[in-house]
1. Is there a residue in the stretch 8-15 that is under 24 Å from residue 246 (Cβ atoms) and modelled with pLDDT of 95 or more?
2. Being exposed (fewer than 12 other Cβ atoms within 10 Å of the Cβ) and under 28 Å from the mean Cα position of the chain (by Cα) is true for just one of 638, 656. Which residue is that?
3. What number goes with the only condition from (1) over 10 Å from the mean Cα position of the chain (by Cα); (2) under 22 Å from residue 441 (Cβ atoms) that residue 290 does not pass?
4. Give me the residue from the stretch 519-541 that is modelled with pLDDT under 95 and surrounded by fewer than 14 Cβ atoms within 10 Å (Cβ to Cβ) and, out of that set, nearest to residue 563 (Cα to Cα).
5. Looking only at the stretch 81-93, count every residue that is on the phi < 0 side of the Ramachandran plot and either part of a loop (DSSP other than H, G, I, E, B) or at pLDDT below 95 (or both) and tell me the total.
6. Take the conditions outside the structural domain of residue 43 (by TED's automatic domain parsing), more than 30 Å from residue 524 (Cα to Cα) and out of contact with any helix residue (DSSP H, G or I) (no Cβ under 9 Å at 6 or more places or on another chain) and apply them to residue 392. Does it pass?
7. Being surrounded by fewer than 15 Cβ atoms within 10 Å (Cβ to Cβ) and in contact (Cβ under 8 Å) with a residue 12 or more places away in the chain is the filter; apply it to the stretch 195-208 and report the residue that is farthest from the chain's Cα centre (by Cα).
8. Within the stretch 40-60, can one find any residue that is part of a helix (DSSP H, G or I), modelled with pLDDT of 95 or more, in contact with a strand residue (DSSP E or B) (Cβ under 6 Å, 6 or more places away or on another chain) and in the same structural domain as residue 343 (by TED's automatic domain parsing)?
């Protein structure tokens, strides 16, 4: 099972006609025609309509929604509707509602409000998915199943506690093994019966919130357990769908770099990955590129669906900036450049009430087709229609990988020291940003991925080193590649226990260093680091937050601290290892410093992109199944850029011929999609 069977990039998004009288639906589809909308995601939050009471199912509304989509010739992504349980269920079965971190049993309200370990919830959600699939599996135009919606949250009820103990029994086998893994001789925590184990919460191991825990091992395992519990819900619903629909692909919409759920553990259970792109601000081009690469990496480089994005504004934040003219188009093409095989929006028509009434929509409250936003949606629809299926199934030919590890993320940020100011996501962003600035195609992959095909592997903040990862990284360097590690790497094993070895633990031989001490400081404390190597122009980086004191064990010094008692000692090193190198960055370099280090590594492998010197110009390549190379150039800058074409080919958006070396002009937020000549 792979991606949905479609002829072009599906274009459309979340459509909620159940919120409107049927005479509005006709207008909607007329506007969909004008905007080239060919795909609708329906039924996402319809549980309260399709099951209005215990044992009562009423599909009349969903029937009409699906029938209208079929009559109008649309492709359908059909949801199971289980993203929020109905009110009657919470009243009849209190066990379906969650208990929060503070120990409060919630009543009905909001969404993400179901306990994933409630047998009642699992039974009723699975049965609804089964009935939806039975009813609609043979619907013309059905291209994908959409299970639940944006899984998230956590529960700390007695049902979760009981299932947590079962999960621990399966993981550890014995209390002796569990006590050893959790280091329970500390603070008299040795467990002598499974029933003594409690979920880590504000009532047990935590203070000041979820990241402050007395026992990191307990909290880490609960994070893993809760991610697995919600995965079990997805697997239940998918299995129920498969009873009636063995061939239509099944997905659920992820939320990018979302800390509570380890998407790598989920990946094998999805037929294709999809995600909802809602960046925190309108200056997040590099962040979005990283997240697209992360989602593409979940299925070994297989294309994904952009399941949701706003055409204009979000509505869930204190401040919700409007997408400037051209940004809707730019960000949509960026998704395609990084592997999206669908471009979908939330929402198709703006709702009248509740918390998303001011959330952006293709069709506003007035139902007009002459707004700027609708015009831009229609123009993008026309471009995607002209593109056709050229990019479907196309892969990214990356020779550089960035490791992304939820266990390291969790372990680093629940650690009581060295610094709570160091955030895993920000470290990853800095190193991926350096690659993005250099115009490099990147795979963002789990620590279990096969690394043999990469020339460069960056492993920022790899706090936890598990299984044979250290050996596989060493093999990359041994064969001529380059591996980069950073501060706070190689500190703990899979149980979050410190290695009984010099820092950076199993990575030390590859890096050729030893670290005995480290210094954490407030965010406004700067220790300059001077960087110089191989005749390149030296730079001074304003390093902050964390400063490890490095003792070379064969490594060459590339950067040195300029302040404090460790002034003159190494901050960045390079170690010759086999035919390759291991680089170690021991300090929190600023972005300019990170860029300098990463470009030295890329230079060694001849991997700098053709426009690495042009700020805010993104370059990405996809290779179609027939071998066609498609290059995307995206100008994220406020000003037009002029540059020579790096290859000859055809501009797929205009049909114009491009000659290698000929001048190109990209307007502000401009896009070029070039099918390069063979």
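1. So far as the stretch 8-15 goes, yes, one or more of its residues are under 24 Å from residue 246 (Cβ atoms) and modelled with pLDDT of 95 or more.
2. 638
3. (1)
4. For the stretch 519-541, the residue satisfying everything is 538.
5. As a first pass, look at the stretch 81-93 and keep what is on the phi < 0 side of the Ramachandran plot: 82-93.
Subset that is either part of a loop (DSSP other than H, G, I, E, B) or at pLDDT below 95 (or both): 82-86, 93.
Qualifying residue count for the region: 6.
6. The answer is yes for residue 392.
7. Filtering the stretch 195-208 for residues that are surrounded by fewer than 15 Cβ atoms within 10 Å (Cβ to Cβ) and in contact (Cβ under 8 Å) with a residue 12 or more places away in the chain, the one farthest from the chain's Cα centre (by Cα) comes out as 195.
8. The initial filter retains those residues of the stretch 40-60 that are part of a helix (DSSP H, G or I), namely 47-50, 60.
Next cut, modelled with pLDDT of 95 or more only: 47-50, 60.
Those left that are additionally in contact with a strand residue (DSSP E or B) (Cβ under 6 Å, 6 or more places away or on another chain): none.
Scanning the stretch 40-60 turns up no residue that is part of a helix (DSSP H, G or I), modelled with pLDDT of 95 or more, in contact with a strand residue (DSSP E or B) (Cβ under 6 Å, 6 or more places away or on another chain) and in the same structural domain as residue 343 (by TED's automatic domain parsing).
The values are calculated or read from the model by the stated rules, or taken from the named source; none is laboratory data. Note that this is a predicted model, so its numbers are computed, not measured. In this analysis, Cβ positions are derived from the backbone assuming ideal geometry, glycine residues included, and neighbour counts consider all displayed protein chains.
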